[in-house]
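See structure below.
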Amino acid sequence: MTAWAVRALAALWFALFVTSFVVFQLAVPEGTGFARGLNRLAAFLTWQGAALVVAVVGALVMRGAAAAVRDKWRWVGFGPLVVSLVVVVAVVGMIAFRVLVQPALPG
């Protein structure tokens with residue numbers, strides 16, 4: 001039962017993860033220029049946040065699984081969490097750099 005749950009959560013995470021990139025590329029948000037870009041970024045981070053929540057749930061299910069299941073499905077359970085954390089931290093870090101650091105740089 002646990003292995004099935006881990007695979008189902010990993011599949012849901014993958015669907016949400018891919019949806020975030022599709023929405024970012026194909027969605028036509030409201031606004032023009034800067035506002036349009038922020039709306040696209042907000043949609044991307046919303047889907048990434050949902051994927052991150054599913055990844056956390058998957059990691060918790062994996063953590064509570066029996067040792068035999070943990071050994072066999074470790075990357076399926078914990079991999080999505082690592083990938084989601086890297087993507088969200090990278091995007092938020094780039095935004096923070098752009099807003100906080102880049103304006104202070106000369107030139």
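The values are calculated or read from the model by the stated rules, or taken from the named source; none is laboratory data. Everything quoted here is computed from the prediction, not taken from an experiment. Note that we place each Cβ from the backbone using ideal geometry, even for glycine, and neighbour counts take in every protein chain shown.
When restricted to residues that are surrounded by 13 or more Cβ atoms within 10 Å (Cβ to Cβ) and without any contact (Cβ under 8 Å) to a residue 40 or more places away in the chain, region 16-45 contains 12.
So, in region 26-52, of the ones that are out of contact with any helix residue (DSSP H, G or I) (no Cβ under 9 Å at 6 or more places or on another chain) and part of a helix (DSSP H, G or I), which residue ends up modelled with the highest pLDDT? Don't jump to the end; show me each part of the working.
Looking only at region 26-52, we keep the residues that are out of contact with any helix residue (DSSP H, G or I) (no Cβ under 9 Å at 6 or more places or on another chain), and these are 26, 32-39, 42.
From what is left, the residues that are part of a helix (DSSP H, G or I) are 26, 34-39, 42.
Numbers: L26: 87, F34: 81, A35: 84, R36: 86, G37: 85, L38: 86, N39: 88, A42: 91.
Per the stated criteria, the residue is A42.
Taken as a whole, the condition of being under 18 Å from A11 (Cα atoms), in contact (Cβ under 8 Å) with a residue 24 or more places away in the chain and out of contact with any Gly (no Cβ under 8 Å at 6 or more places or on another chain) does not apply to V91.
Using the structure shown, decide if V87 is modelled with pLDDT of 95 or more and surrounded by fewer than 16 Cβ atoms within 10 Å (Cβ to Cβ).
On the way: modelled with pLDDT of 95 or more: yes; surrounded by fewer than 16 Cβ atoms within 10 Å (Cβ to Cβ): no.
Taking the combined requirement at face value, the residue does not satisfy it.
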